[in-house]
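Have a look at the structure below before the remarks.
The values are calculated or read from the model by the stated rules, or taken from the named source; none is laboratory data. Values in this document were obtained by computation on a predicted structure and should not be read as measured data. Heads up, the Cβs are rebuilt from the backbone with ideal geometry, glycines too, and the neighbour counts pull from every protein chain shown. The accessibility values were calculated without ligands, DNA or RNA, using every heavy atom of the protein model including side chains. Shrake-Rupley method; radii C 1.70, N 1.55, O 1.52, S 1.80 Å.
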Amino acid sequence: MKRLLILCLLGSALSAAESRPNVLFIAVDDMRCDLGCYGAKHVLTPNLDRLAASGVLFNRAYCQQAVCNPSRVSLMTGMRPDTTRVWYLSTEMRSVMPDAVTLPQHFRQHGYSALGFGKIFHNPWPDNVSWDEPHAWPSQPLWSAKATENLNAFRQKMNADGKPRARIDRMRAVATEVVDVPDTEHPDGAMADQALAAMRRLAGEKRPFFLAAGFVRPHLPFVVPRKYWDLYDRSKIPLATNSHLPHGAPSMAFGESQGGFYELRDYMDYAEAPWPRDAPLSEAQQRELKHGYYAAVSFTDAQVGRLLDELDRLGLASNTIVVFWSDHGWKLGEHGGWCKQTNYEIDTRAPLMIRMPGAKANGTSTNALVEFVDIYPTLAELAGLPVSGKLEGTSLKPLLTGTASQVKDAAFSQFPRREKDHHYMGYAMRTDRHRYIEWLDLSSREIVAQELYDHTVDPDENENIATRPDQAALLAQLNAQLWKTLPRPAFNWQEPASAASTASTTSLPWHPAADGALPKSDPQGPKLAVTFQNQAPQAVDLIWVSNQGEEKHFKTLEPKDVFSIRSSSGALWLVKDAQHHLLGHFQIQGTVDKPVQAVIPAP
């Protein structure tokens, strides 16, 4: 009798899963709201326009941190960066949240097949435990053979000129290139092929599916097939009208470099480009970059169209929720910047579209303020899955069904910044009218700067009015609203993230270079959560060594920097200075139940 009851329950659960909708989850990288459906008629995006016309277009959707890894971890866990403790590109999610249940994991736990292709999580860590099958990047090259050959020559010259090894290792080929290849011979086109093959396979299964496809373009470099470049006349592309920093903004708003360029100078043709604080790019450079960006947008639009067409051809559209999102926005010369990584509207606002079959609001757009942490609880509710109380977002179902015109009063973002050896965290709140930003000193928790932008008169956020005496009452009101919604930070950001939640850690011994011959690297053991801390007064390079003795540069750590990663027990990590001289090494050891600390000491 008991066995019969169990079989009945299993059968009931399977039947419930089979009746649930599929999910097609489409992610893109660095795409701002310059799309036809958002009113940018000079950008050609017919496939995204038709998705918007058949679903709900969110005009004011905001990421929680405008850089790839933190934004994606926040969205995929439904938690804000202060909860995930992923604020940096260099922090692997599982090193600080080993037990996190990601969005696709949640669907898997309730009877779904979950497959992911391309960039869903940050590139180095596709998080295989989230998927039914291991992640595999396409093998197609991005740049032409000629561009790769030129890069090798450029790096050789850098080495001859005595440039730092870390700078040489980061250098890439050209930032823009027209390539004469079919879409499917481009990495993003090949990734679309992977997703299409999976869709066809999943269509024949009884279980519902969660299929994720993540396109890297329009992230730099802007390397796409010629036909997408040919869609645009470079001379007619409009340039940014506010190429200056916001008037009255504090210095940490952009930082010493990160908020303006970050990686652009890592491409050989822009290696000597002036920093935004010094001078703008030339008009020719601006037009080249915008042309490349829009060509990349149109290329990605075509790949999205392939997915939508196949969904229709297979007869799946009537029972598939389609979600399209970008991890954050991007500056195309606004405020002199050519990257993301600020708390401003241009970087935190990004495209979001949701098409739920039969939804009353399909075919409309909404000005409701929404956040990317809302996507997890929304999809869970739409699929009839439990919605965990740990999630920090709000379901957007009322906006899709037309039963509400808003679900929250504000959207929140944040960004860490280091400037002149000081560490800050900026918290941004977007209300219906204002953007309020509060910069906290990480040590004292004191407010060191405020920013306020009035979107009724300053939609481009060019004038910080926080310093005006007549705004004091409004600043106090917005400050109270900010901390009424967000929990005040009560931890030390400079503390190693993986060690902050537990007092039980393993400290690795530091072996100075003078200790003699290096041991053999043998990274065959289980993966451990490792946090490196640089207590030396100078920048150092972290280098991983394979079991064949090959060295791979992973990260340059400035003084006081922290870097978290999962590394196999037995792996050898070298620490070198800017001249590539060996300072010492660590060999990873420990147990999976304890975080590992590796402290690079001062001399």
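Please work out the C-alpha center-to-center distance from segment 287-321 to segment 187-253 and express it in whole Å.
9
Tell me the trypsin sites (Lys or Arg not before Pro) within segment 502-603 that lie in a loop according to DSSP and have at most 14 other beta-carbon atoms within 10 Å.
Sites meeting the loop and neighbour criteria: LYS520, LYS560.
Which percent, nearest 5, of DSSP beta bridges in the chain are antiparallel?
Bridges in the chain that DSSP calls antiparallel: roughly 60 percent.
Between HIS110, LEU264, GLN597, whose Cα lies farthest towards the positive end of the dipole of the chain when Lys and Arg beta carbons carry +1 and Asp and Glu beta carbons carry -1, centred on the Cα centre?
HIS110
Taking segment 140-228, which trypsin sites (Lys or Arg not before Pro) meet the DSSP loop condition and have no more than 11 other C-beta atoms within 10 Å?
LYS206
With a probe of 1.4 Å, find how much accessible area the chain has per residue, and write the answer as a whole number in Å².
40
Under 18 Å Cα to Cα from LYS397, which lysines show up? Leave out anything in the same chain fewer than 8 places away.
LYS360, LYS408
In segment 381-442, which trypsin sites (Lys or Arg not before Pro) fall in coil by DSSP and have 16 or fewer other Cβ atoms within 10 Å?
Here the trypsin sites (Lys or Arg not before Pro) that fit, given the DSSP loop and packing criteria, are LYS390, LYS408, LYS420, ARG433.
For an R0 of 35 angstrom, estimate the FRET efficiency from the Cβ-Cβ distance between LEU231 and TRP275 and round to the nearest 0.05.
Result of the calculation: an efficiency of 0.65.
Taking square-rooted eigenvalues a ≥ b ≥ c of the alpha carbon gyration tensor, is segment 286-424 rounded, prolate or oblate, where a/c under 1.5 means rounded and, failing that, a/b exceeding b/c means prolate?
Here segment 286-424 falls in the oblate category.
Can you give me the distance in nm between label points at ARG418 and SER388, each placed 7 Å from the Cα along the Cα-to-Cβ direction?
3.1
Could you tell me which residue out of PHE254, SER569, HIS122 lies farthest along the dipole of the chain toward its positive end? Charges go on the beta carbon: Lys and Arg +1, Asp and Glu -1, centred on the Cα centre.
Checked the options; the winner is SER569.
Tell me which residues come under 5 Å, amide H to amide H, from ALA114 once H is placed; ignore anything under 5 positions away on its chain.
Amide H neighbours of ALA114: ASP132, PHE210.
Relative to the Cα centre, what is the charge dipole magnitude of the chain, using +1 at the beta carbon of each Lys and Arg, -1 at the beta carbon of each Asp and Glu, and rounding to the nearest 20 debye?
With only Lys, Arg, Asp and Glu charged at Cβ, the dipole is about 1300 debye.
Rounded to the nearest 20 debye, what is the charge dipole size of segment 300-372 about its Cα centre when +1 sits on each Lys and Arg Cβ and -1 on each Asp and Glu Cβ?
For segment 300-372, the charge dipole is close to 140 debye.
Full-extension gain between THR505 and LEU314, please, as 0.36 nm times their residue separation minus the C-alpha to C-alpha distance.
63.6 nm
For the chain, which whole percent of the accessible surface, found with a 1.4 angstrom probe, sits on carbon and sulfur atoms?
About 52 percent, which is the carbon plus sulfur part of the accessible surface.
From the helices alone, meaning DSSP H stretches of at least four residues, give me the mean residue ellipticity at 222 nm for the chain, per-run term -39500 (n - 2.57), in deg cm²/dmol to the nearest 500.
Computed mean residue ellipticity for the chain: -7500 deg cm²/dmol.
Using the alpha-carbon centroid of each, what span in Å lies between segment 536-603 and segment 327-382?
Centre-to-centre distance over Cα atoms comes out at 37 Å.
LYS552: which lysines have alpha carbons under 28 Å from its alpha carbon, excluding same-chain residues fewer than 8 sequence positions away?
The qualifying lysines are LYS119, LYS146, LYS157, LYS163, LYS340, LYS520, LYS527, LYS560, LYS576, LYS594.
Have a look at VAL101, TRP143, PRO512 and report the one farthest towards the positive end of the charge dipole of the chain, computed about the Cα centre with Cβ charges (Lys/Arg +1, Asp/Glu -1).
My answer, from the dipole projection, is VAL101.
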